[in-house]
Structures are given as C-alpha cells and as structure tokens.
Amino acid sequence: MKPILPLQLVAYEHLKDMILNDTFDYGVVYSETKLSKEIGVSRTPLRDAIQRLVQEKYIDIIPSKGFQLHQMDEKDIIETYQFRSALEGFCTVQIAKDYQTDKAACLFSDLSELLLRQEKIHTTTGSIEEFTLYDNQFHIKIIDYLDNNVFREAFAIQIHMIKRLAMQSLSHEGRMQETLSEHYAMFNAMKNGETENIYNVTLQHMDKPKNMNLQDIL
C-alpha cells in the first residue's frame, strides 16, 4: 500500500504539477482559499507549500491577496548561470579526469545518445520543447555522474528556472545549432580528458545564453 504523504507535501506536489503543466497564467493573482478547497487541504499546509515554492522561485506572494507566478529578473538570470557555471564546471573537470574509467565510458555512451537525439530534432522538427528536454537530460547526466546528493538536489531545485531560460534562449535564431555545437565541444573535451580546457568550454556554453536571456528582459 502506498504511504500517505504529509499534507504539506501533497499540496506542494499538486501546486508544482499545476505550474509545470501551465495551469496558471503570468500576471494573475491566485487565491489560497480557493486552491485549498480544490486540493482538499487546509490553508496551513497550503501556505507551507507556497513558502517552499517561493524559495524555489516558482511563485511570488502578493500580501493579503494570494500568489502569482514568479517573473524572472536580471538577478535571477545572473545567479542561475553563476550557479550552473560553478556546479557544472566542477563536474566536467572531474569527468575529464576520469575519462579512461568504465564509469566515464558509460556516461559518454549516454551523452552520445542524447546528442544524437538533439541533432535529430534540430534537423527535423526544430521543436524547442523537445530539444530542451534532451538538453536538460544532458546536463543532469553530468551532474549525476559524481553521485553527490547535495549537487543532485540543488540542481533539481533550479531545473524549472534552467528550463525556462533554455527555452527562452533557444527561441533566438541559430541558438539551437550553437547549443548543439557547444554540447559536442563539452562532450569531446571530457571524452578526451582535456582537464585544462573543459572548464573554459563549459563556461563558454553558459555565457552566450546568459547574455541572450538578459537582453530579452532589459
């Protein structure tokens, strides 16, 4: 029998699913009272869930009114790319150091498959949503390689913001091809054990979309 989840977690998962499934619209304020009735929990666990979603930058609280979806600002974009650069830069260096191990070989096989899927989308449908799915998987594989739960959980918290920024930058003409080329550069540098080069290659992959995302909001 499936264990009963705490009410706070029930509310959190329900609200998060609604956000990820585009149930809410930007600029609209949503009532806690109405949602608590819809989900079937009291306002206390709902408020706990809302506070957690605020910390993860999914939503913003509007005092005495409710909440609305979080609109990214310049600080969000800069902090997200700084976080990714630090975390993924470290991980890619470690992978490059391990390039001759069986564990790394398994990773390279998985990454190669993801690159082929990205390439197919680029040359056929050009779907930004599909490409972003495999883009995220590519980077998650790199994070997961170290089997560090702190890294994994921190990245998971940021993945919503990362996905939004990726889709925004990929909407620019030619960015999908550039992203694919940058992924291949990262892949080859790791696979060839280029420990002195891989960090800069990783940072270069972070830098251009960051500037695109900043330009979109300025």
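Relative to the Cα centre, what is the charge dipole magnitude of the chain, using +1 at the beta carbon of each Lys and Arg, -1 at the beta carbon of each Asp and Glu, and rounding to the nearest 20 debye?
With Lys and Arg at +1 and Asp and Glu at -1, about 600 debye.
If one computes the Cα centroid of region 192-206 and of region 72-98, what distance in Å separates the two points?
What the calculation gives is 12 Å, centre to centre.
What value in Å³ per residue do you get for the convex hull of the alpha-carbon atoms in region 9-115?
Convex hull of Cα atoms, per residue: 153 Å³.
Starting from the exponent 0.38 and prefactor 2.2 Å, build the expected Rg for region 1-60 from its residue count and divide its actual Cα Rg by it.
Working it through for region 1-60, the quotient is 1.09.
Specify the residue with the greatest mean-square fluctuation among Glu32, Glu173, Glu88, computed from a Gaussian network of the chain linking alpha-carbon atoms under 10 Å apart.
Residue with maximal mean-square fluctuation among Glu32, Glu173, Glu88: Glu173.
Can you run phi through the Karplus equation (6.51, -1.76, 1.60; θ = phi - 60°) for region 142-152 and list ³J(HN,Hα) in whole Hz, with x for Gly and Pro?
Residue by residue, region 142-152 yields 5, 5, 5, 3, 6, 6, 9, 5, 5, 4, 4 Hz.
Fewest Cβ neighbours within 10 Å first, please rank Leu115, Leu35, Leu9 accordingly.
The order, fewest Cβ neighbours first, is Leu9, Leu115, Leu35.
Determine the gain in length on full extension of the stretch Glu196-Val29; use 0.36 nm per residue of separation and subtract their C-alpha separation, reporting nm with one decimal.
55.2 nm is the gain from fully extending Glu196 to Val29.
Would you please report the Å³ per residue occupied by the convex hull of the alpha carbon atoms in region 83-185?
Working: hull volume 9.3 nm³, N = 103.
Hull volume normalised by residue count: 90 Å³.
State the answer as a single residue: which of Ala156, Leu146, His205 lies farthest towards the positive end of the charge dipole of the chain, with beta carbon charges of +1 for Lys and Arg and -1 for Asp and Glu, about the Cα centre.
In the chain, that residue is Ala156.
I'd like the Karplus ³J(HN,Hα) series for region 129-140: coefficients 6.51, -1.76, 1.60, θ = phi - 60°, whole numbers in Hz, and an x wherever there's a Gly or Pro.
Per residue, the Karplus-derived 3J(HN,Hα) values read 5, 5, 4, 4, 4, 6, 4, 4, 4, 4, 6, 5 Hz.
Quick check: net charge around Lys57, other residues with Cβ under 13 Å of its Cβ, Lys/Arg +1 and Asp/Glu -1?
On the way: positive: Lys16, Arg52, Lys75, Lys163, Arg164; negative: Glu56, Asp60, Asp73, Asp76, Glu79.
Overall, the nearby charge balance is 0.
In nm, to one decimal, how far is the Ala156 label point from the His172 one, both placed 7 Å along Cα→Cβ?
With each label placed 7 Å out from Cα toward Cβ, I get 3.2 nm.
So for region 74-217, averaging the separation of alpha carbon pairs under 8 Å that are six or more residues apart and normalising by length, what relative contact order in percent results?
In percent, rounded to a whole number, it is 42.
Pull up the cross-link candidates among the lysines for Lys210, meaning alpha carbon to alpha carbon under 20 Å and not fewer than 8 places away within one chain.
Straight-line reach from Lys210, under 20 Å: Lys57, Lys75, Lys163.
Cross-link candidates for Lys37: which lysines have Cα within less than 23 Å, leaving aside residues fewer than 8 places away along the same chain?
Hits, sequence-local ones excluded: Lys16, Lys65.
Quick one: what are the phi-derived ³J(HN,Hα) couplings along region 66-74, Karplus 6.51/-1.76/1.60 with θ = phi - 60°, whole Hz, x for glycine and proline?
Running phi through 6.51 cos²θ - 1.76 cosθ + 1.60 with θ = phi - 60° gives x, 8, 9, 4, 6, 8, 5, 10, 4 Hz.
Per the Cauchy relation, a quarter of the hull surface: what is the mean projected area of the convex hull of the alpha carbons in the chain, in nm²?
Averaging across all directions leaves 14.2 nm² for the Cα convex hull.
Summing -39500 (n - 2.57) over the DSSP H runs of n ≥ 4 in the chain and dividing by its residue number, what mean residue ellipticity at 222 nm do you reach, to the nearest 500 deg cm²/dmol?
-24500 deg cm²/dmol
Counting other C-beta atoms within 10 Å, which of His70, His172 has the fewest, and how do the rest follow?
His172, His70
Put +1 on the Cβ of every Lys and Arg and -1 on every Asp and Glu Cβ in the chain; which of Gln82, Thr179, Leu69 then has its Cα farthest towards the positive end of the dipole?
Of the listed residues, the answer is Leu69.
Every number in this text was worked out from the coordinates using simple rules, so none of it is lab data. Keep in mind that this is a model prediction, so the values were computed, not measured. Because the Cβ atoms are built from the backbone with ideal geometry, glycine has one as well, and the counts that use them run over all protein chains shown.
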